[in-house]
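Here is the structure we will look at, set down as structure tokens.
Taken together, the values in this text are just the output of simple stated rules run on the coordinates, not laboratory data. Values in this document were obtained by computation on a predicted structure and should not be read as measured data. Because the Cβ atoms are built from the backbone with ideal geometry, glycine has one as well, and the counts that use them run over all protein chains shown.
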Amino acid sequence: MANVESDTLKLARWYAQRHYKTDAAIEEVFYLPANAPEREIRLVEVNDSIAERSAPLEPIDFGVDIGSAEGHTLMVLDVTPAQWKKIAGNKLALPGGWSLEGSVSIRPRGR
Amino acid sequence: MNDYQRLWWEQTRADHTVLLLLRQHGALPCHQLHYLQMVTEKLGKAYFWRTGHAPPRSHVSFVRFLQALDNRSNADRAHIAALLGFGKVHGFVNWISSVTPLAYALERLAPALAGDQGPNPEYPWPRPAPLRAPATFTFPIWRDLTETGQGRQLLKVIDLAVLRFPEYG
């Protein structure tokens, strides 16, 4: 189990660094392992280029590893910096089943 | 490509055909931008249906679509880069980074994201007391798309991304 978790964290760091590289508007990425199914990687990306909407927050499934034997799922939740402050202050709900417990901040390399 | 993707791709391709007609006839920028925004939004949604589940209802999907292509396996990425006209994978990855601000600007053309105050290709704004109409407005993004090499390349890649979708979606 511990190996699975370290594998997903390793993958989370890899995806986060690629996203930092392709999108300069991403300010910070958080990995949220709590309650996630085995092999599901949940990232929250704080992004100042997205428009804030009133609709409930919905993650997007990147469909990264379809059909592979050791497939994993990458779920990314995009939030604005203001939304992230509200989430951290318990004033805005994460998607159902998502939790900040045990979250890991992944900082950009070389920025 | 699954059945859901096929349906979304067929609609994307139909919208793209109209976009090409508008381009050929030199239609007003607002009309071309309107169709371009719709094509990119639907292309992203067609892609994210590959999981078999509905993607989020939000308009934010074109930038994530480009990122998702970058997140594919090395072999897939090389294949996609070649399909979209890039000779080398790292050229494709660097291109995604450089074109992302323009892709965000395209996303924000959707009235729901442009908000009451912002330029959009469909309705006069600001909504409470309009001062501008899309038909007569000079969209900065139009200049970026048509008067820069990066913009023209983005248009070409979008054309290819629609046409070659069944080979990588």
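The table below gives the values:
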| read-out | value |
| --- | --- |
| Largest to smallest principal axis extent of the C-alpha atoms in region A:8-111, angstrom | 39, 33, 23 |
| Relative contact order, percent, chain A [alpha-carbon distance under 8 Å, six or more residues apart] | 32 |
| Cβ-based exposure ranking for A:Ser54, B:Ser61, B:Ser97, in which fewest neighbours within 10 Å come first | A:Ser54, B:Ser97, B:Ser61 |
| On Cα atoms only, tilt of B:29-48 relative to the major axis of chain B in degrees | 30 |
| Cα long-axis angle, helix A:2-22 against chain A (0 to 90 degrees, to the nearest 10) | 50 |
| Theoretical ellipticity at 222 nm over chain A - DSSP helices of four or more residues, -39500 (n - 2.57) apiece, nearest 500 | -8500 deg cm²/dmol |
| Estimated inter-spin distance, B:Gln11 and B:His53, nm [label 7 Å along Cα→Cβ] | 2.0 |
| Long-range amide H partners of A:Asp78 with built H, under 5 Å | A:Glu45, A:Ile60 |
| For A:Thr73, residues with placed amide H under 5 Å, excluding near neighbours | A:Glu40, A:Ile41 |
| DSSP-loop trypsin sites (Lys or Arg not before Pro) across region B:1-101, with at most 13 other Cβ within 10 angstrom | B:Arg57, B:Lys88 |
| At most 16 other Cβ within 10 Å, DSSP loop - GluC sites (Glu not before Pro), region A:1-97 | A:Glu38, A:Glu52, A:Glu70 |
| Amide H within-cut-off set for B:Arg132, under 5 Å, with H built and near neighbours excluded | B:Trp125 |
| Positive minus negative residues near B:Pro121 (Lys, Arg vs Asp, Glu; Cβ under 12 Å) | +1 |
| Separation of alpha-carbon centers, region B:28-45 and region A:20-83, rounded to whole Å | 25 |
